[in-house]
Structure formats: structure tokens, C-alpha cells
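Everything below concerns the one structure shown next.
Where a number appears in this text, it was derived from the coordinates with a stated rule and is not lab data. Nothing here was measured: the structure is a model prediction, and the numbers come from that model. With ideal geometry, Cβ positions are generated from the backbone for all residues, glycine too; neighbour counts draw on all protein chains shown.
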Amino acid sequence: MFENTNNVIVKQLKNIFVLLFKIFFFNLRARGVKRKDHIVFVAEFDTEGGAFTYFKYMLEYFAAKKISYLLVLSGKHKQFVEENIKIPYCLGIIEGPEVWRPYFTKKNALTHNLHLFINQLQELLFFSKLNVKHRPAYFYFSVTNPEHYLFEFCVIAKLFYVCHTLTNDPIDRVKGSLLNLFLGKNKNIILVSHFARELLIETWRVKGSSKRFIHVVHNYYHKINNGGHKKKKVTAFTVLTIGSVEWYKDPSKWCEVAKMLTDMYGKDSIDFFWLGSGSLKDECQQSVSRYHNISFVGYCRDVEMYYNIADVYMQPSISESFGISVVGAMAHKIPCVVSAAGGLKEVVCDNETGFIINGNSNEMYVDKLRHLLNNPRERTKLGEGGYIKFMREFTKQHWDAKMGQLLADNHIE
């Protein structure tokens, strides 16, 4: 068995040498190559949520600027986009590399790490070949998995790296050193909140002047004035939440708060809707099965209909990089009751556009929701305040201006 392990290691080392040689060869070829005016757009997203919204908005931005692009997606996302999304100015969709992660045990630690390194090199080779073949002006990465594609900073001359997820885990020293070495005028990172930026600087060990190339561009919300839905003429008070039904959104707390308020006011006096799919959806729906007024709707294309019937927006997240659905609520003049997690404190102003809950108590959410239920004038006042903040900071015009300036400053457009 020891001999077999040695053979595996020798084979892996040979693969590593070959891959390193190929990467060097293709990057040597890329030097001095005349660049075309299109870009390569590499995107990760779920089929709902902030990263997906950002993906669609970037396609609109490219179309408005008449920027042509190659789209790199995973296999499942490639099929989804081809079937569901218009992609103007797209030169083609390329299926990106799938990173295989071998099972880790203490006994196979060395071969495991070598496998991971080989996977990373194969990914680098994929983008090195892409860079030579298509000669794009720059690469634009939009990622939901922190550190994914981070090594591409080493081999791509011009890139933007947009990270939608909080970088909670510290980066290792090798990646931290490489990042500080390669971050620069032509290689920038974009975050969706100041909280996310400060966290990344800390956990990714960004130092000194390299911080200048880490930017914040808040996501925007585009309100659709379809006019097809009117505020419902019923007495039920409606609480809305939009997002993936995953642990970091704290759906269990949401269920407990919904049940507590229903027990106080009755099932016909208050409605709760959670729009979005996720691994905890069925479990949560089962936990509120006795309450017909508490619904996990699942994935919903027409979120405008629910915004238009909502009285309050609630988001008790444990972790949140920004909160695009909260911005959507503000665009509809809906007061928001949110946790103090991450970027939510940049979106909601306490007592001006809604309430920020600085604790983990169900009773705190119940108290604020009861207050808004019993005070329609307060709801109107906070909703108007949210709309003013939305118009001041989170419109498409503001986003276009910031993004355009970033690209212009780096000689991209």
C-alpha cells in the first residue's frame, strides 16, 4: 500500500510539472498579443438572490454600453441562462471548469493537497488558454464562493473580481501574499458593502497601498412599474421576506416570530410570506403547517406583486453582505425590520427607514412588528424615509455612475 501511495504521489508531481509548463507557455504567448474590445464575463450565482440579480444587471449594463462578451458558466447555469435569459451582445457561452475536491482523511492528506493543487492548476490552464484564444480586453469575475478564481490574479493582466459573499474565513498566507503582490490598477476587487470590504481586508490580509484597489459599489434595485397589481383591499397585515431559505437568513427565527404574532392577532389578521427556495424550505413549511397564514412560497418571478401588498419587510439574517431585497422594499416605500448583520446596517437607518434589531431575541422582532401594525402613520413615515434613501443611494443611475467611473479609471472603457 505504501508503494501504491508513492506511485500516486509521483504521478501527481509529474502532472503538476506538465501543467506548470503549459500555463507558463500560454501566458508567454499572451504577452504582446493585440487585445480585442470584448471581455470575458465569469459568473457564479444561485437562480435567485443578490448574485443572480447582479448577473442580470451586468448583462443589461453591457448591452447599454454595447460591450460584447464571452460568458463562462457552470454546466447547470449555462443551460438555465440559455433557456431563461436574454443575452444581447453575447459572443457565446462557455462551460467553465468543474473543480473536483477529493475526500480528505489524515491518511491521504498529502495526496489530497496535491489533488487540490492539480485542480487549481487545471483551472489556471483553462483561463490561460481562454486568454490566448479570445484575447479579451479584460476578465470580469462575479463570484459567490470567496477565494474561488483568486489565483487568476497571477495569470490575467486585467481583471475585476466582484465578491458577493462575506469572507468570514481567514485566507492562508500564500494567497494573502499573492493578492498583495498582484492587486493593482488593472486588478481590482469590488464588494457590495463597506462592511464586506473591511472584513475582506482583515481576513484576506490586504496591506498598505493594496487597499486602494478594493472598492465598494452597492447593488441597485430596478423597480418595475407594471401597474398590474394594486394594494389589496383586505384587513390582513402583511409581512414579507425574500431570500434563500438557508441557515444564514435564520428562517427558524422568522417562523417563531410569525407564530408568536399570529397567536396574538389571529390567523385572519396577519399574513407572512417568504419568497425563495432553499435547503430548509420544506422543513420550515412543515414547522408552520398549522398556520394557513404563514407561507413559504418558493421561487417567485413576480416579486413586485408581493412588494405591492406588503406592509412591512422583515429580514432576521445571521449573516448578510448587503441585502438587495431590503433595498427593493425601500423602493416600494415599505418599512424594514432587519437584524444588525453585516451590510444591512448600511441599508436601513434605525428609526428613519425602519428598525434594526441589535439582539437575537424573538421578542424584539415581535415588539417592532406590533408597533408598526398598530401605527399606520409610523409605517408611512418610515416607508417614505426608506424611499428617499433608496433614491439617494441605490438607483440604477448611481450604480451606473460608480461602475462607469471604476472602469474608466482603469482604462477599461
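I want to check the label-to-label distance for Thr47 and Lys66. Put each point 7 Å from Cα in the C-beta direction and report it in nm to one decimal.
3.5
In whole Hz, what ³J(HN,Hα) sequence does region 388-402 give by Karplus (6.51, -1.76, 1.60; θ = phi - 60°), x for Gly and Pro?
Those phi angles translate into 4, 5, 4, 5, 7, 10, 10, 8, 4, 4, 5, 5, 4, 5, 5 Hz.
Quick check on the exposure proxy: order Val132, Val143 from fewest to most C-beta atoms within 10 angstrom.
The order, fewest Cβ neighbours first, is Val132, Val143.
How high is the relative contact order of the chain, given as a whole-number percent (alpha carbon pairs under 8 Å, six or more residues apart)?
13
Please report the antiparallel percentage of DSSP beta bridges with both residues in region 143-259, rounded to the nearest 5.
Beta bridges within region 143-259, antiparallel portion: roughly 10 percent.
Need one number: % antiparallel among DSSP beta bridges in the chain, to the nearest 5.
Taking every DSSP beta bridge with both residues in the chain, the antiparallel ones total about 5 percent.
Would you look at the GNM of the chain, springs on alpha carbons closer than 10 Å, and say which of Leu71, Leu369, Leu114 moves the most?
Leu114
What does the extension gain come out to for Ala109 and Ile87, with contour length at 0.36 nm per residue minus their alpha carbon separation?
Fully extending the segment from Ala109 to Ile87 adds 3.6 nm.
Have a look at Ile242, Ile318, Ile39 and tell me which one the Gaussian network model of the chain (Cα, springs below 10 Å) gives the largest fluctuation.
Ile318
Output the relative contact order of region 237-394, whole-number percent, from Cα pairs under 8 angstrom with separation of 6+ residues.
It rounds to 23 percent for region 237-394.
Note the direction-averaged projected area, equal to a quarter of the hull surface, for the Cα convex hull of region 237-394, in nm².
So the mean shadow area of the Cα hull is 8.0 nm².
Using a simple spin-label model with points 7 Å from Cα along the Cα→Cβ vector, what separation in nm is obtained for Glu202 and Ser177?
Roughly 2.5 nm, to one decimal.
So what's the chain giving for Rg/Rh, alpha carbon basis, Kirkwood Rh from the mean inverse pair distance?
With Rg and the Kirkwood Rh in hand, the quotient comes to 1.02.
What pairs from Lys133/Lys207; Lys22/Lys158; Lys187/Lys207; Lys65/Lys86; Lys36/Lys211 go past 27 Å between their alpha carbons?
Pairs exceeding 27 Å: Lys133/Lys207; Lys36/Lys211.
Taking a cut-off of 17 Å between Cα atoms, list the lysines near Lys345, but don't count ones fewer than 8 places away on the same chain.
Lys345 reaches Lys249, Lys368, Lys389.
For Tyr161, Tyr69, what ranking results if the residue with the fewest other Cβ atoms within 10 Å of its Cβ goes first?
Arranged by neighbour count, lowest to highest, Tyr161, Tyr69 become Tyr69, Tyr161.
Can you give me the relative contact order of region 105-182 as a percent, contacts being Cα pairs under 8 Å and 6 or more apart?
28
Counting only DSSP beta bridges with both residues in region 237-394, what percent are antiparallel, rounded to the nearest 5?
5
Which whole-Hz ³J(HN,Hα) couplings does region 176-189 yield from phi under the Karplus relation 6.51 cos²θ - 1.76 cosθ + 1.60, θ = phi - 60°, glycine and proline marked x?
Karplus-based 3J(HN,Hα) across region 176-189 equals x, 5, 5, 4, 5, 6, 9, 4, x, 4, 9, 9, 10, 10 Hz.
Can you give the calculated 222 nm mean residue ellipticity of the chain, where each DSSP H run of n ≥ 4 adds -39,500 (n - 2.57) and the sum is split over every residue, rounded to the nearest 500 deg cm²/dmol?
-14500 deg cm²/dmol
For all pairs of alpha-carbon atoms in region 348-387, what percent lies in each bin of width 5 Å, listed from the first bin to the last filled one?
Once binned at 5 Å, the Cα pair distances of region 348-387 give 6, 25, 30, 24, 12, 3.
So, counting K/R as plus one and D/E as minus one, what does the shell of residues with Cβ under 14 Å around Trp274 add up to?
Summing Lys and Arg as +1 and Asp and Glu as -1 gives -3.
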